[in-house]
Amino acid sequence: MDNQNKLWRVALYAVLVYAAVYYLLPLYIMATTSVKSMDEIRAGNLIALPMSITFDAWGKAWATACTGVECGGLSRYFWNSVQMVIPAVLISTTLGAINGYVLSKWRFRGSELTFALILFGVFIPFQVVLLPMAQTLGWFGMARSVAGLVFVHVVFGIASTTLFFRNYYVGIPDELIKAARLDGAGFWRIFFKVVLPMSTPIVMVVLIWQFTQIWNDFLFGVVFSSGDSQPITVGLNNLANTSTSVKEYNVDMAAAIIAALPTIIVYVLAGKYFVRGLTAGAVKG
Amino acid sequence: MTSYNGPAQYGFAERWLPRLVLAPSFLLTLVFVYGFILWNGYLSFTTSRLLPNYEWAGLAQYTTLFANERWWVAVKNLFIFGSLFIGGAMAVGIFLAVLLDQKVRQEGALRTLYLYPMALSFIVTGTAWKWMLNPGLGLEKLVQDWGFTNFTFDWLVNPDMSIYTVVIAGIWQSSGFVMALFLAGLRGIDDSIIKAAQIDGASLPRIYWKIVLPALRPVFFSTLMILAHIAIKSFDLVMALTGGGPGFSSDVPATFMYSTAFTRGQMGVGAASAMMMLMTVAAIVVPYLYSELRGSRNG
């Protein structure tokens, strides 16, 4: 019995480690490929360790690689994404917090219906709003601009931020709100003095969720921007699909890591909140 | 901000403030979600091509869509990709969740490793897998170098197989997520049920198969919804990995809609295909949402 048990534990760990290798291998291959020279890539194989390390591909991916007709690397796209993601995350999170507060603590006739209507926005395939949105952004002079992308991400981010905050605030006891009201606190005072101080975990979850979603978005980026307003995902896709005579996989991989770095850093630093955000969507509120 | 002396009744502001505060988001949703759905629906009944045009065309765009071979390839690919992706991610995810639930050491570290692909953009995943699966220098060469000189792996450039590369990359990215959902569900199950079954002499696989997994039906259902949703919306991964190619062999409805509406100047057909996508999602999501909201109101 004991021996059999030991065997079972060994097999268990073997499978778990094997799975870890399966998830890590692509990251390992990306990292090693990005520091190899093209000669070494052609001579060696996919998983071989680099014989000599060079950061030429990184420099090229950042500053001089061709993304279509232009050859300025990913740096421009990277800064576009930074300019897009900061206001879009802050605005959509703020709106979500206030909406969630109203929908959980200040319910009124019709507020449940409002919630259901907003919630459906989480699920729509965005293809159905692309054509009208492209036209509307044009009318407001925001077509092909970073401001237009911020607007789109805010509008279609409200649904999920509202859902997150509403589900969290439902768990705050109503008695706290009632007590504050008896003390004469009004709508905003209760929000800032009672509710907001208890919101740190959910604020973290939503900030990280929105950051990851918006940084990683490709659909809105490719449809609503062009030239000098395109985000990093579009830049990476252009770079990797630009047909040049020689395919430089090392530059592609360096570019892919550059595009992934901000979300990976966030995941490493605050993975707990990221996982909570992922699972919160599936757990009933 | 405002202070009140009488506690009992709220003042005028307290009664209207909540509605006023919610109003901007409500209006944005009304216009940019529901209004735009109607607008797109209207476009799908017009003769719009390169530019929007509001001349009524009846069902002409839908007739064109349904006569388009490329659309049916996209639908078939969504079906293949959807079922294999959902089935594969579920199987891998549940398997890993059950293993991680056996009180293993370093569980936190393993979980982190299994889940990090979810933090990546599908464009990054697509770019990475495109390099690994490329027939010239990637996996094929690696296995050949190991001595299997006849080994070929050309799915990426083989029109019959290209959609399966999307399945491979999709499962890699999303199975950790399934693991996290099921692990959270497993942790919610009362240990005493499992202990009781063990005392009765039931084997571990049998306990999981007969008792634990059936108890996770709600988690299973939500995960299914989320994966189906990812599958129907999938656009980035296909664009980065195969670009819908070779030819249009790995097109899915999302890439079909994008290329018809934005690069091939067939706006009406694009709008019609978007409506088909919406109806597919609505057919799955509306009953689900209805039961969820009703459930939370009752209990």
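The magnitude of the dipole of the stretch A:14-163, with charges of +1 and -1 set on the Cβ of Lys/Arg and Asp/Glu and taken from the Cα centre, is near 420 debye.
Ordering B:60, A:35, B:33 by the projection of their Cα atoms onto the charge dipole of the protein assembly as shown, which places +1 on the Cβ of Lys and Arg and -1 on the Cβ of Asp and Glu, puts B:33 at the extreme positive end.
Between residue B:70 and residue A:79, the C-beta separation translates, for a Förster distance of 30 Å, into a calculated FRET efficiency of about 0.20. By the count of neighbouring beta-carbon atoms within 10 Å, fewest first, A:30, B:279, B:267 end up ordered B:279, A:30, B:267. Once C-alpha pairs closer than 8 Å and six or more residues apart are averaged by separation and normalised to the residue number of chain B, the relative contact order reads 28 percent. Note on residue B:210: aspartates and glutamates with a C-alpha under 16 Å away, same-chain residues under 8 apart excluded, are B:190, B:191, B:200. Database remark: amide H of residue A:67 closer than 5 angstrom to the amide H of A:72, A:73 (H placed geometrically; neighbours at sequence offset of 5 or more, or on other chains; Pro and chain starts carry no H).
Measuring nothing but how far apart in sequence close Cα pairs (under 8 Å, 6+ apart) lie, relative to its length, the stretch B:16-158 scores a relative contact order of 8 percent. What the phi angles of the stretch A:227-232 give under the Karplus curve with 6.51, -1.76 and 1.60, with θ = phi - 60°, is a coupling list of x, 8, 10, 6, x, 4 Hz, glycine and proline written as x. Can you classify chain A as rounded, prolate or oblate using the Cα gyration tensor, where a ≥ b ≥ c are the square roots of its eigenvalues, rounded means a/c under 1.5, and otherwise it's prolate if a/b beats b/c and oblate if not? Oblate shape, in that a/c is at least 1.5 and b/c is the bigger or equal ratio. Shielding value for A:267-275 is 4, the average number of Cβ atoms from other chains within 10 Å of each residue's Cβ.
Projected onto its three principal axes, the C-alpha set of the stretch A:110-246 covers 72, 32, 25 Å, listed from the longest axis down. Remark: the Cα gyration tensor places the stretch A:1-69 in the prolate category, a/c being 1.5 or greater and a/b exceeding b/c.
Averaged over the residues of peptide B:32-42, the number of Cβ atoms from other protein chains lying within 10 Å of each residue's Cβ is 6. In terms of other Cβ atoms within 10 Å, B:229, A:153 run from fewest to most in the order B:229, A:153. Relative contact order of the stretch A:134-266: 32 percent, from C-alpha pairs under 8 Å at least 6 residues apart in sequence.
Modelled spin labels at residue B:191 and residue B:144, positioned 7 Å past Cα toward Cβ, are 5.5 nm from each other. Over the protein assembly as shown, DSSP H runs of length four or greater, each weighted -39,500 (n - 2.57), average out per residue to a 222 nm ellipticity of -22000 deg cm²/dmol. When the alpha carbon gyration tensor of the stretch A:72-142 is reduced to an equivalent ellipsoid, its three semi-axes come out at 31, 18, 11 angstrom, largest first.
Taking a ≥ b ≥ c as the square roots of the eigenvalues of the Cα gyration tensor, the protein assembly as shown is oblate, since a/c reaches 1.5 or more and a/b is not larger than b/c. In order along the stretch B:80-97, the Karplus-derived 3J(HN,Hα) couplings, from 6.51 cos²θ - 1.76 cosθ + 1.60 at θ = phi - 60°, round to 4, 4, x, 5, 6, 5, 5, x, x, 4, 4, 4, 5, x, 5, 4, 5, 5 Hz, and Gly and Pro are given as x. Taking Cα centre as origin and charging only the Cβ of basic (Lys, Arg, +1) and acidic (Asp, Glu, -1) residues, the dipole magnitude of the protein assembly as shown rounds to 1440 debye. With the charge dipole of the protein assembly as shown set up from +1 on Lys and Arg Cβ and -1 on Asp and Glu Cβ about the Cα centre, the Cα lying farthest toward the positive end among the listed residues B:117, B:136, B:95 is that of B:95. Shown in residue order for the stretch B:253-270 are the 3J(HN,Hα) couplings computed by the Karplus curve 6.51 cos²θ - 1.76 cosθ + 1.60 at θ = phi - 60°: x, 5, 6, 4, 4, 4, 6, 5, 7, 10, 10, 10, x, 10, 4, x, 5, x Hz (x for Gly and Pro).
Report, ordered by chain and residue number, the lysines lying within cross-link reach of residue B:233, taken as a straight Cα distance under 20 Å and ignoring same-chain residues fewer than 8 apart. Excluding near neighbours in sequence, the set is B:76.
Packing around the peptides A:111-118, B:282-289, taken as the average count of other Cβ atoms within 10 Å per residue, puts them in this order, highest first: A:111-118, B:282-289. With Cα atoms as the point set, chain B shows a radius of gyration and Dmax of 25.0, 87 Å.
Close amide H partners of residue B:46, meaning residues 5 or more places away or on another chain with modelled amide H under 5 Å apart, are B:57.
Values quoted throughout were computed directly from the atomic coordinates according to the rules given, and no laboratory measurement underlies them. This structure is a prediction, so every number in the text was calculated from the model and none was measured. A quick note on method: Cβ atoms are made from the backbone with ideal geometry, for glycine too, and the neighbour counts reach across all protein chains shown.
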